[in-house]
């Protein structure tokens, strides 16, 4: 059933955006499987502006202003919440969510499909076409997230050129043409290609990159991290929230420093801030300094040894000692 | 009352850890993060933050004097050394980034309530305006309040560092309040309250003077305003207000009606001193906020340097010689001895310019080898076939020598029939590492008696010839090998020439005497460990340097003459200074490096010509510790019997040929023994003795303390 949904600009600058949800037609052969892939809205998700931006471009698409489909790729460092944004966008639009990782090992036949041998039940074999990951997702409504776009080889991605430009279709070797449906959206995510240790990434082929709108996803700011922590852990003490947010900001600012001499190699991802440290705080709640213990057990263990001094200096500058009292109240 | 886990800094930090090189070493651990913080605070991604002997602040660069950090370590406060390293550096950074009194404005009318005449409207600098409005006391009060304001406003994003500063300040407050006169107490309270380190109520109760407490009560609003002041001009207005409050409560010296100009100056100077003595007893003094003169010196220092030397060059950017030397010393590894003592070494490569003397050196080596009867070809002799396994990558081959090779098909195809049958090497194949450590003090270049009553500088020459021959031996046997020199002098750099070495030595010594006083000698005469040939270096690459070094050692007078004639092209022959060595640090460090080679047989040969600057007991304990770790240590004394007391395997040599032979035969014997121990049961292995081992074994084992 189509329902209206409203996207609100968290910065307060833009007006609300009204969209309607998609539906998965019951007559689709894979209806049950597809319906099961519609994600649930995350009650702890805090839109830092990306969801609103995605809704804004969705509104443009639906208006028919542009003939060529608009595909968006989110580029950002690890742990900035790129994939979570896309998953929540799919949840809001009630679209089945297909996350297809493009590793260096992925080949065009993995994505599009190939002829495979199957037993014919009579002791022999027969060859049959089997859809690849993308072809399967394209056969119904869905939000396809091609994650790690720049990990796959350019020759693999060439196979997707036709799908992503105004041709909007994949021609299969079987002679079939699979069209990009009006209720299917293709998104991507990628890490920046620089000197940092994102093993397996490479510069995006210019022709492939030209088929995407690339938006940067930065690390969240202090207030945003505080909002996320507060929503997820309402009982977490305010001093803990503030200190954790500041630690993350300072480490991530060092991570994004242009000067290699003042840089750390590992950022504090949202997974560290929102999941691991709170887990540590719960585990070591009875400790004299729960935040320090969580820092040692859940943060320092993740970093390269040569970053330890820098992380510890940030700790000393921002916290020195963790806040007092049980983190989640008595 | 402090808790038991809050140890005071002065209690946990021994005096040597407060030395400037230790302070700088600690700073260097936090420097990358501090630089990044400074760039964020200054909103300048290209800001350079470096150490120097003079504090400077200019757009794009700040220079911090490590002496400023050093003072912070003398505090009796519940903080740790690493916390002080960060807080003191960040404190300095904040003030250098935030302090800028260059904005010129017309004199504010309200600053001169007692003057009815018109005020000049020409824009003036802030400190000049303050001087006109309130004299030295106003300037001192302003600098105290501005200091606190900058910390309150800029350090709020770093509450951890701020809390360290708070602890440092609060620990000093009771003493400072007790010593300060009322105006000093008031100024100090204003500083602490504006900085947010203590609230007014707490300060009122701690303040001994009743009228100071009353003045503070009246100053509450001004103190709150100062915390949120938007800039130095606004802070200055508040500082003048605070002075008015102080005057109202009789904290300032009253001017008499018949006061002469000198008396006025003296009174104002006295008021300024009272403010300074109160505040300076607590705050960490940064040169840029000490006083107007110091501010000017800090801001103009860079311009002065540039003006003196012309345009900025790499030298200006790289820092001054004294700071470079402190940085070099602070970067050296700490060596911990088994006796609990420790020391710092400067480890570097031997100056590559010694290779310039290589042609002369090779001739001299050939001549010395003939004279002292040291073979230079096939030195390995009977050891060679025993180490042949080292040459063949662990495989012995030949018909019927073992199992059929898994690669036999390939060998057949390639026609390598002899390799069809091969097996693992004999169990004698082991990994060996030999390290030779040579005393590099100038005494090794001094003439010594030779048979016939003549004197010649043979010690270093014989040692270098021994090193050369050992290197050949190890190269033939494919044994890992390194040669290092050690001395105590001004450390040379790998690219030094005689000229650059002397210039740097003079500049560094002079600069360090000015900035570090009594510590200058310690910082210039360091314990140095020069790698002549490292384990990873190929022998052919190190050979020219060692040959050049031999010539310098064999012909020191000629080398010195050559260096004088062409100081810009010659190696730094002046680096060999006559000063007592610290053998134990070098032995421990060389052994540590040997240990990292993961060799089963490790051998350290030490050549020394006299006493260590440490103690023979410490040296003996260090040698024992190295022996216990599985490394064989051979001590060779050159005309000096100290080695007998310190090394369990030692030999004293009084003649050059004996020295070279002692080195070569010592290593050969040790290699033979190692083969015997690992299964190569041969008569000659049992016959091998390491120096006086036979007689030593009958003695009682020596304790670790000698």
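Annotations for the structure displayed:
- Most mobile of A:116, A:82, A:37 in a GNM of chain A (Cα contacts under 10 Å): A:116
- Taking N as its residue count, the alpha carbon Rg of region A:247-325 over 2.2 N^0.38 Å: 1.07
- The protein assembly as shown - mean residue ellipticity at 222 nm from DSSP helices (-39,500 (n - 2.57) per run, n ≥ 4, rounded to 500): -14500 deg cm²/dmol
- Within a Gaussian network of chain A (alpha carbon springs, distance under 10 Å), most fluctuating of A:229, A:117, A:28: A:117
- Anisotropy class of region B:444-493 from Cα gyration tensor, a/c 1.5 cut: oblate
- Antiparallel content of DSSP bridges confined to chain A, in %, to 5: 40
- Relative contact order of region B:498-613, taken over Cα pairs closer than 8 Å and 6 or more residues apart, is 29 percent.
- Nearest 10 degrees, 0 to 90: helix B:232-248 Cα axis against chain B principal axis: 60
- Relative compactness, region B:50-156, computed as alpha-carbon Rg over 2.2 N^0.38 Å: 1.37
- Relative to the dominant Cα principal axis of chain A, helix A:222-232 is inclined by about 80°.
- For chain A, built as a Gaussian network whose Cα springs stay under 10 Å, the top-fluctuating residue of A:280, A:123, A:104: A:123
- Beta bridges by DSSP in chain B, antiparallel share as percent, to the nearest 5: 40
- Shielding of peptide B:28-41 by partners, expressed as the average count of other chain Cβ atoms within 10 Å per residue Cβ, is 6.
- Cα long-axis angle, helix B:210-227 against chain B (0 to 90 degrees, to the nearest 10): 70
- Per-residue Cβ neighbour counts within 10 Å put B:110, B:558 in the sequence B:110, B:558, beginning with the fewest.
- Cβ neighbours within 10 Å from other chains - mean over A:306-319: 6
- Chain B - percent relative contact order, Cα under 8 Å, separation 6 or more: 12
- Counting every other Cβ atom within 10 Å of each residue's Cβ, A:161, B:598, B:529 order from fewest to most as B:598, A:161, B:529.
- Of all beta bridges that DSSP places with both ends in the protein assembly as shown, some 40 percent have antiparallel geometry.
- Least to most buried among B:164, B:374 (fewest other Cβ within 10 Å first): B:374, B:164
- With distances taken between every two different alpha-carbon atoms, the protein assembly as shown has a Kirkwood hydrodynamic radius of 35.6 Å.
- The Kirkwood radius of region B:577-636, taken over pairs of alpha-carbon atoms, gives through the Stokes-Einstein law at 4 °C and 1.567 mPa s a diffusion coefficient of 109 µm² s⁻¹.
- Ranked by the mean number of other Cβ atoms within 10 Å per residue, highest first, peptides B:150-156, B:330-336 order as B:150-156, B:330-336.
- Whole-number percent relative contact order across region B:30-186, with pairs defined as alpha carbons under 8 Å at least 6 apart: 21
- Spin-label pair residue B:495/residue B:261, simplified geometry with 7 Å Cα→Cβ offset, distance in nm: 5.8
- Here, region B:103-285 is characterised by an Rg to Rh ratio of 0.97, where Rg is the alpha-carbon radius of gyration and Rh the Kirkwood radius.
- Each principal axis of chain B carries a Cα extent, and these read 113, 61, 56 Å when sorted largest first.
- Inter-chain neighbour count for B:156-169: the average number of beta-carbon atoms from partner chains within 10 Å of each residue's beta-carbon is 4.
Every number here is computed from the coordinates shown, using simple stated rules; none is lab data. Model, not experiment: these values are computed from the prediction. Note that each Cβ is placed from the backbone with ideal geometry, even for glycine, and that neighbours are counted across all protein chains shown.
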